[in-house]
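This report refers to the structure that appears directly beneath it.
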Amino acid sequence: MTGDHRTGPPTAGSERDTLRAFLDYHRATLAMKCEGLGDEELRQRSMPPSTLSLLGLVRHLAEVERTWFRRVFEDHDVPLVWSDRFDFQAAYDASTSSRAEAFAAWEAEVAHSRRIERESVSLERTGYQPRWEREVSLRMVMLHVLLEYGRHNGHVDLLREGVDGTVGA
């Protein structure tokens, strides 16, 4: 890692600004923890029998962004990034993936998510979550995705330490 360039969330502000800032902070954490690593290092698995890797988590979080923003608020039928059969586990198989491929997909999905959030008039906007077959609010989606990042960034910390001993942030 080359340093901590993340912007910390505000200590005061509106609910929406705070949610947006925390989500962007966690997105930046994922990217930062993968800095300076090549494809092989990013594909390095944690420990048997787990197939979890940094690159697999980047791919998974691209699916999370797509599933919770694009599929809920724009196109319920858009396929997953890594599977046309809605196999959410497919994203974790990064054995033939590259940094360029995974990060391009993740960054594109983050850009879609940010646009959808910014174009929404309020956190009360609802969309349809096809997997749950029910309406969900933008507030709920932002909180759900934030929790996904929080949980997976904990995995990212351990994976990065296992790759090259880097800890912190």
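The values are calculated or read from the model by the stated rules, or taken from the named source; none is laboratory data. Values in this document were obtained by computation on a predicted structure and should not be read as measured data. Cβ coordinates were reconstructed from backbone atoms using ideal geometry, including for glycine residues, and neighbour counts include every protein chain displayed. Surface areas here come from the heavy atoms of the whole protein model, side chains and all, with no ligands, DNA or RNA. Shrake-Rupley method; radii C 1.70, N 1.55, O 1.52, S 1.80 Å.
I'm checking my understanding of the structure. Among residues of the range 120-169 that are in contact with a strand residue (DSSP E or B) (Cβ under 8 Å, 6 or more places away or on another chain) and among the small types (G, A, S), which one is nearest to T67 (Cα to Cα)?
Ranking the candidates gives G127 first.
Answer yes or no as to whether E65 is charged (D, E, K, R), open to solvent by 40 Å² or more (accessible area, probe 1.4 Å) and at pLDDT 95 or above.
For E65, the condition - charged (D, E, K, R), open to solvent by 40 Å² or more (accessible area, probe 1.4 Å) and at pLDDT 95 or above - is not met.
Yes or no: V110 on the phi < 0 side of the Ramachandran plot, aliphatic (A, V, I, L, M), modelled with pLDDT of 90 or more and more than 17 Å from the chain's Cα centre (by Cα)?
Answer is no for this residue.
Can you pull out every residue in the range 7-23 that is touching a residue at least 60 places away in the same chain (Cβ under 8 Å) and surrounded by 15 or more Cβ atoms within 10 Å (Cβ to Cβ)?
Passing the criteria: R16, L19, R20, F22, L23.
Within the range 18-29, is even one residue β-branched (V, I, T) and under 16 Å from G154 (Cα atoms)? Before you say what the answer is, go through the steps one by one.
Of the residues in the range 18-29, the ones β-branched (V, I, T) are 18, 29.
Keeping just the survivors that are under 16 Å from G154 (Cα atoms) gives 29.
Yes; the residues of the range 18-29 include at least one that is β-branched (V, I, T) and under 16 Å from G154 (Cα atoms).
Quick grid of which residues meet (1) closer than 19 Å to P9 by Cα; (2) open to solvent by 30 Å² or more (accessible area, probe 1.4 Å):
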position: H76; (1), (2): no, yes
position: A104; (1), (2): no, yes
position: R114; (1), (2): yes, yes
position: H152; (1), (2): yes, no
position: D157; (1), (2): no, yes
position: D164; (1), (2): no, yes
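Output the residues belonging to the range 119-150 that are crowded, with 18+ Cβ neighbours inside 10 Å and either of a type in the set (K, R) or part of a strand (DSSP E or B) (or both).
Within the range 119-150, G127, Q129 qualify.
Restricting to the range 1-52, count the residues that are in a helix (DSSP H, G or I) and in contact with a strand residue (DSSP E or B) (Cβ under 7 Å, 6 or more places away or on another chain).
2
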